[in-house]
Amino acid sequence: MPADPRQTLPAHPVAAGASPTTEPIAVRLALITVALAFLALFLVLPLIAVFAEAFRNGVDAYFASFDDPDTWSAVWLTLGVAAIAVPLNVVFGLAASWAVAKHEFRGKSLLVTLIDLPFSVSPVVSGMCYVLLFGAQGYFGHYLQSVGVQIIFAVPGLVLATIFVTFPFVARELIPLMQEQGVSEEEAALSLGAGGWRTFWSVTLPNVRWALLYGVLLCNARAMGEFGAVSVVSGHLRGQTNTVPLQVEILYNDYNFVAAFAVASLLAGLGLVTLVVKSALEWRYADQLASGRRH
Amino acid sequence: MHRRTFTRALTALALVVPLSAAAPTAFAQTTLTNVSYDPTRELYKEFNAAFAKSWKAETGEDIRVQVSHGGSGKQARSVIDGLNADVVTLALAADIDAIAKATGKLPADWQKRLPHNSSPYTSTIVFLVRKGNPKGIKDWGDLVKADVQVITPNPKTSGGARWNYLAAWAYGREANGGDDAKAKAFVAELFKHVPVLDTGARGSTTTFAQRGLGDVLLAWENEAYLSLKEFGEDKFDIVFPSISILAEPPVAIVDANVDKSGTRKAAEAYLKLLYAKEGQTIAAKNFYRPVSPDLAEKADVDRFQKLKLVTIDKDFGGWGKAQSEHFGDGGTFDQIYKPN
C-alpha cells in the first residue's frame with residue numbers, strides 16, 4: 001500500500017525564516033553562554049590581563065620597559081632566528097609536500113608520519129635531543145669543540161630547535177591542497193614540453209601560493225613564540241641567547257613585572273596580527289586553501 | 001592579478017628577512033661570561049657595572065659582563081654541556097665540583113684557590129611568612145603543623161633548596177638528640193607539606209610572593225630581605241629559626257674556558273674585586289653577608305642577625321659526602337620525596 005505522502009510531512013511545517021534547530025530556546029541560550037564564557041575565560045581575559053599588566057603604571061612605564069638593551073637584543077635575536085628558520089621551512093615544506101602529494105613511492109606514509117613528529121613530541125624533549133647530540137658531552141661534542149664550533153647555548157642551537165618545532169607547519173598546509181589538486185595540470189605542462197623546474201615555478205607553485213603564505217604565517221608565529229625547546233638550548237645568556245619569550249620569563253623573575261608584560265604584549269600583538277592576516281587569507285582566498293580551511 | 005599580489009608579498013618578505021638577520025649584535029668587545037644561580041640577579045647587575053668601571057680605570061678597555069641565572073644545579077649542567085662560562089658563581093660547592101669532575105675544565109681542588117672556601121659572601125636560610133605571621137610559625141617544628149604549606153625549590157636543580165634541606169635536617173637532628181633516622185623522618189614530614197617544587201630559588205619566591213601560594217617560604221636570607229624590598233615590608237615578615245646553616249656560595253674561574261677565549265686576566269680581576277671593598281659593599285647592600293664585614297658599610301652589616309649556624313663541612317662531612325648521600329640518585333631526598 002503506498003504511503004500517504006502527508007504522513008511524511010512534519011506536523012508543524014517550519015515557517016520561512018525560522019531556525020531549523022528544534023532545541024528549546026533555553027537550551028540554545030545555555031549552550032551559547034557556556035561557549036562564550038569559555039572563550040572569555042580562556043582567551044579574552046588572559047589577553048586583556050597581559051595588556052592591563054603592561055600598562056599598569058601608565059604608558060610611560062610601558063615604553064620605558066623597552067629602554068633595555070637586553071630586551072632589544074632579544075627582539076633582534078627572535079627576528080633573526082625566525083628569518084633563518086622560516087625560509088628553510090618553506091623550502092623543506094615545499095619539497096616534502098611536493099614529494100608526498102605528486103609522487104608515489106615506498107615509505108611515503110612513514111615520511112608523512114615523520115613530518116608530523118614535532119607535533120607529538122614535547123618541545124622540551126626535542127631541545128634535550130639537540131643537547132645530547134651537540135652538547136659538550138654529546139655524541140658530536142668533542143668533534144665540534146675541536147673545530148671550535150658552538151651549537152648549543154648559541155644561535156645555531158636556537159635555530160635548530162626552532163626549525164624542529166615549526167617543521168610541520170608549511171608541509172601540513174600544502175600536502176592536502178596539492179593532493180586535492182592532483183597532477184593533471186603538471187601532466188599537461190609536461191606534455192606541452194615544459195621541464196621540471198618550469199612546471200614547478202609556473203604551475204605547481206602558483207597553485208599553492210596562498211596556502212604557502214598561510215603556512216608561513218603560522219610557522220612564523222610559532223617560531224617567534226616558541227619557549228620550551230629554545231629554553232633548553234639557550235643557556236639564558238642575557239643580551240646574547242635570550243629570545244623574546246625567554247626574556248619575558250627573565251624579566252618576570254627579576255621582579256620586573258611591568259616590563260615582562262610589556263614585552264609579552266609584543267608577542268600577544270604578533271599573535272593578533274597573525275590572526276587577522278590568517279582570517280583575511282581564509283576569507284579572501286578560501287578556494288585556494290586546502291579544503292579543511294574553507295568555511 | 002593574484003599572482004602579482006603574491007609576488008609583492010614575497011618581495012616584502014624578502015626585504016624584511018635579510019634586514020632583520022643583519023641587525024643582530026655583531027660588534028666585538030671583550031666579554032666575560034658569569035654563569036650564576038638564581039637569586040644573584042640584582043647583586044651581579046650592580047657588581048658588573050662596578051667591575052666594568054674598575055676594569056676601564058685599570059686597563060682603559062671596555063668590558064661587558066654577560067650573565068645567566070637559573071637553579072644552581074641546572075646552571076652547572078649547562079656549563080657541563082658546553083655553556084661557555086668564564087667564571088661560575090654558584091650556590092654551593094657541589095655544583096662546581098660536578099663541573100670539575102665531568103669536564104676537567106678546572107682542577108678538583110678549585111675551592112682552595114680563593115680565601116674563605118672561595119666564597120666572597122655567605123648567607124643562611126630563613127623563613128618568609130605572610131604579614132603578621134597568621135600561622136604562628138616560629139621555628140622548623142611549626143612547618144609540619146597540619147595546615148601549613150611550605151614553599152621550597154627542587155633540591156635536584158636548586159642550590160638554595162639543598163641548603164634548605166640540610167638546614168631542616170640539622171634541626172631534626174638537634175631536636176632528636178643527634179638521631180639521623182629521626183632527622184630524616186622530620187624532613188620527610190616537612191616535604192609532605194610542600195605543594196610545588198620550582199627549579200630555582202627565584203621561581204619559588206615568585207610562587208610564594210607573586211602567586212600567593214603557601215604559608216611559608218624557605219628562603220635564602222638575601223632573597224627574603226629582597227622580597228621585603230620589592231613587594232613592600234607590609235606584605236611579609238622574616239622569621240629567624242632557632243638553628244640554620246651557613247650557606248657558602250662559591251665562585252671559580254673555569255680555566256679551560258678562559259684560556260680558550262683569552263679572558264683569564266679579566267676573570268681573575270673580576271673575582272678579586274668581589275673580595276675587595278666594592279664587592280663586599282655591594283654584597284652587603286644586596287643582603288649577602290660579606291666575608292670581610294669591615295670592608296662593607298656598617299649600616300648594611302648591622303642588619304644581619306646573629307644565628308646559630310651549622311656548617312656543611314663540620315656537620316655534614318663536606319659537599320662531596322652530602323651531595324651523594326642526600327641528593328644523588330637514590331639519596332635521602334629520593335627516598336623521602338613522593339609528589340602528592
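The values are calculated or read from the model by the stated rules, or taken from the named source; none is laboratory data. Predicted, not measured: the structure shown is a model, and the values here were computed from it. Cβ atoms come from the backbone with ideal geometry, glycine included; neighbour counts cover every protein chain shown. With ligands, DNA and RNA removed, areas are computed over all heavy atoms of the protein, side chains included. Shrake-Rupley method; radii C 1.70, N 1.55, O 1.52, S 1.80 Å.
Remarks
- Calculated diffusion of segment A:158-245, Stokes-Einstein form, Kirkwood radius summed over Cα pairs, 37 °C and 0.692 mPa s, µm²/s: 215 µm²/s
- Net charge of Cβ neighbours under 14 Å - reference B:Trp55; Lys, Arg +1; Asp, Glu -1: 0
- Distant alpha-carbon pairs in chain B (separation over 28 angstrom), percent: 45 percent
- Annotation for the B:A interface, with buried accessible surface near 3100 Å², both sides summed [1.4 Å probe; non-protein components not counted].
- For A:152-162, mean number of other protein chain Cβ atoms within 10 Å: 2
- Residue order for B:Lys182, B:Lys192 - accessible surface, 1.4 angstrom probe, largest first: B:Lys192, B:Lys182
- DSSP bridge pairs, the protein assembly as shown: antiparallel proportion in percent, nearest 5: 50 percent
- Area of B:Glu174 that stays accessible when all protein chains are in place (1.4 Å probe, Å², to 10): 90 Å²
- Debye-sum result for segment A:66-293 in log10 I(q)/I(0), which assumes one identical scatterer on each alpha carbon, at q = 0.07, 0.09, 0.12, 0.17 Å⁻¹: -0.28, -0.45, -0.75, -1.19
- Close amide-amide hydrogen proximity is noted between B:His193 and no other residue 5 or more places distant or on a separate chain, at a cut-off under 5 Å (H modeled in the peptide plane; Pro and chain starts excluded).
- Along its first, second and third principal axes, ordered by size, segment B:238-296 spans 47, 22, 16 Å in Cα coordinates.
- With DNA, RNA and ligands ignored, accessible area of B:His116 (1.4 Å probe; Å², nearest 10): 100 Å²
- Shown here for segment A:84-117: chymotrypsin sites (Phe, Trp or Tyr not before Pro) in loop regions (DSSP other than H, G, I, E, B) with at most 12 other Cβ atoms within 10 Å, namely A:Phe105.
- Peptide A:133-139 shows a mean partner chain C-beta count of 4 within 10 Å per residue C-beta.
- In terms of Cα atoms, the Rg and Dmax of segment B:120-163 work out to 12.5, 40 Å.
- Computed helical MRE - 222 nm, the protein assembly as shown, DSSP H runs ≥ 4 contributing -39500 (n - 2.57), nearest 500: -17500 deg cm²/dmol
- Between segment B:132-177 and segment B:42-80, the alpha-carbon center distance in angstrom: 32 Å
- Of the residues B:Tyr225, A:Leu79, A:Val277, the one whose Cα sits farthest towards the positive end of the charge dipole of the protein assembly as shown is A:Val277 (charges of +1 on Lys and Arg Cβ, -1 on Asp and Glu Cβ, taken about the Cα centre).
- The C-alpha radius of gyration of segment B:235-340, expressed as a fraction of 2.2 N^0.38 Å, stands at 1.42.
- Ligands, DNA and RNA aside, A:Asp67 has an accessible area near 130 Å² when probed at 1.4 Å.
- Counting DSSP beta bridges with both ends in chain B, the antiparallel % (nearest 5): 50 percent
- For B:Lys277, the lysines whose Cα falls under 28 Å of its own Cα, not counting residues fewer than eight places away in the same chain, are B:Lys45, B:Lys53, B:Lys56, B:Lys112, B:Lys229, B:Lys265, B:Lys285, B:Lys298, B:Lys306, B:Lys308.
- ³J(HN,Hα), Karplus 6.51/-1.76/1.60, whole Hz, each residue of segment A:174-184, x for Gly, Pro: 7, 4, x, 5, 5, 5, 5, 6, x, 10, 5
- Ranking B:Val194, A:Ser109, A:Trp197 by how far each Cα lies toward the positive end of the dipole of the protein assembly as shown (charges on Cβ) leaves A:Trp197 at the top.
- Convex hull volume per residue, computed on the Cα atoms of the protein assembly as shown, equals 266 Å³.
- Cβ neighbours within 10 Å from other chains - mean over B:76-86: 6
- Net charge of neighbours whose Cβ lies under 15 Å from the Cβ of A:Phe92, counting Lys and Arg as +1 and Asp and Glu as -1: 0
- The packing ranking, built from the mean of other Cβ atoms within 10 Å per residue, places the peptides B:304-312, A:171-179, B:119-127 in the order B:119-127, A:171-179, B:304-312, highest first.
- Using alpha carbons only: equivalent-ellipsoid semi-axes of segment A:34-84, gyration tensor based, whole Å: 29, 19, 5
- Where A:Ser122, B:Ser158 fall by accessible area, highest first, once all protein chains stay in place (1.4 Å): A:Ser122, B:Ser158
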